[in-house]
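> For reference, the structure I am asking about is given below.
The values are calculated or read from the model by the stated rules, or taken from the named source; none is laboratory data. Since the structure is predicted, the reported quantities are computational estimates derived from the model, not experimental observations. All Cβ positions, even for glycine, are placed from backbone atoms using ideal geometry, and neighbour counts span all protein chains on display. For the accessible areas, the whole protein counts, side chains as well, though only heavy atoms, and no ligand, DNA or RNA atoms are used. Shrake-Rupley method; radii C 1.70, N 1.55, O 1.52, S 1.80 Å.
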Amino acid sequence: MIGWAVFLASYIGSALMLIYVLLFGQTQFHRDGVVGRCHVFVTSSLWEYIGCLGMRLCGPRVVACFSCFGNYCCHKPNPFMQLIYLGLVLPGFYIFVKNAFPLIPNAYVPAYHKYGAVLSVAITLASFALVSFSDPGTITKRNVNRYNSYPLDNVLYFEKQCQTCGISRPARSKHCRVCNKCVAVQDHHCPYVPPLPFARCAALKQHKQVGE
């Protein structure tokens, strides 16, 4: 029991330290100190060491293949995060149904927990599908005027030309480098949301589905 407690405390402590380093390592307060050096090591130096080690052990061809795979995973729309998400939700619910449903109801858990569990998972998957197959607010030359809802005040929002899409971007819109298109009121590129074919931006038209 004590061993598990020590392991859990060590795990949580290490995770919190890593999060702190990643979030605050580049701030002015930490930049020149130990936390700043740890940030540089975790985000840059460590991967350079791994690359050099891989080059020596596997050769440049294998390293180039891994580099291409990493670029595809991190900078291109792909299904990996969606598969991980569904791989957690669906098997987890199956295990819950198989093991917990026969024990419900009992002296501590009323029968309606069965229906609540099914309903919550159904709503989760329905929201996931709704966001996945709806347009996030893609801006094109034909519909750019539809998204001029926010004024260009030259304080926060300036007139900017998107060289890739060939349009004058409305305020609060951004060009997503992963999706390679301009998106209205873009919040972020979400790897968990699969359009056709794969991950897409969470933006204006998804805000109501995912909750503003």
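> Under the condition of being under 15 Å from R172 (Cβ atoms), part of a loop (DSSP other than H, G, I, E, B) and touching a residue at least 40 places away in the same chain (Cβ under 8 Å), which residue from the stretch 131-151 is farthest from the chain's Cα centre (by Cα)?
Filtering first and then ranking leaves G137.
> While we're here: Quick one: in the stretch 152-161, of everything that is part of a loop (DSSP other than H, G, I, E, B) and either on the phi < 0 side of the Ramachandran plot or in contact with a His (Cβ under 9 Å, 6 or more places away or on another chain) (or both), which residue is surrounded by the fewest Cβ atoms within 10 Å (Cβ to Cβ)?
Out of the qualifying residues, it is V155.
> For the stretch 162-179, what are the residues that are out of contact with any Leu (no Cβ under 6 Å at 6 or more places or on another chain), surrounded by 10 or more Cβ atoms within 10 Å (Cβ to Cβ) and more than 18 Å from H75 (Cβ to Cβ)?
Filtering the stretch 162-179 for residues out of contact with any Leu (no Cβ under 6 Å at 6 or more places or on another chain) gives 162-170, 172-179.
Going one step further and asking which of them are surrounded by 10 or more Cβ atoms within 10 Å (Cβ to Cβ), we end up with 162, 164-170, 172-179.
C162, C165, G166, I167, S168, R169, P170, R172, S173, listed by residue number.
> Hey, can you tell me all the residues within the stretch 1-18 that are closer than 16 Å to L46 by Cβ and open to solvent by 90 Å² or more (accessible area, probe 1.4 Å)?
Of everything in the stretch 1-18, just one residue is closer than 16 Å to L46 by Cβ and open to solvent by 90 Å² or more (accessible area, probe 1.4 Å), namely M17.
> For the stretch 25-52: of the residues being touching a residue at least 12 places away in the same chain (Cβ under 8 Å) and surrounded by 14 or more Cβ atoms within 10 Å (Cβ to Cβ), which is farthest from G70 (Cα to Cα)? Working first, answer last.
First, the residues of the stretch 25-52 that are touching a residue at least 12 places away in the same chain (Cβ under 8 Å): 25-26, 35, 38-40, 42-43, 51.
Narrowing the set further to residues that are surrounded by 14 or more Cβ atoms within 10 Å (Cβ to Cβ) leaves 25-26, 35, 38-40, 42.
On the way: G25: 24, Q26: 24, V35: 27, C38: 23, H39: 21, V40: 20, V42: 17 Å.
So the residue we want is V35.
> Going by what's in this entry, would V210 be described as surrounded by fewer than 19 Cβ atoms within 10 Å (Cβ to Cβ), within 21 Å of F128 (Cβ to Cβ), hydrophobic (A, V, I, L, M, F, W, C) and at pLDDT 80 or above? Steps first, please.
Values: surrounded by fewer than 19 Cβ atoms within 10 Å (Cβ to Cβ): yes; within 21 Å of F128 (Cβ to Cβ): yes; hydrophobic (A, V, I, L, M, F, W, C): yes; at pLDDT 80 or above: no.
For V210, the condition - surrounded by fewer than 19 Cβ atoms within 10 Å (Cβ to Cβ), within 21 Å of F128 (Cβ to Cβ), hydrophobic (A, V, I, L, M, F, W, C) and at pLDDT 80 or above - is not met.
> Output yes when any residue across the stretch 15-25 is in contact with a Leu (Cβ under 9 Å, 6 or more places away or on another chain) and either of a type in the set (A, V, I, L, M, F, W, C) or part of a loop (DSSP other than H, G, I, E, B) (or both), and no when none is.
no
> Pick out the one residue from L103, L156 that is over 30 Å from N78 (Cβ atoms) and at pLDDT below 90.
Answer to the check: L156.
> Going through Y108, Y85 one at a time, which residue ends up being over 21 Å from H189 (Cα atoms) and at pLDDT 85 or above?
Y108
Let's see how each residue does on (1) open to solvent by 50 Å² or more (accessible area, probe 1.4 Å); (2) of a type in the set (A, V, I, L, M):
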| position | (1), (2) |
| --- | --- |
| A100 | no, yes |
| Y115 | yes, no |
| L119 | yes, yes |
| I123 | yes, yes |
| A126 | yes, yes |
| V131 | no, yes |
| S134 | no, no |
| T138 | no, no |
| N145 | yes, no |
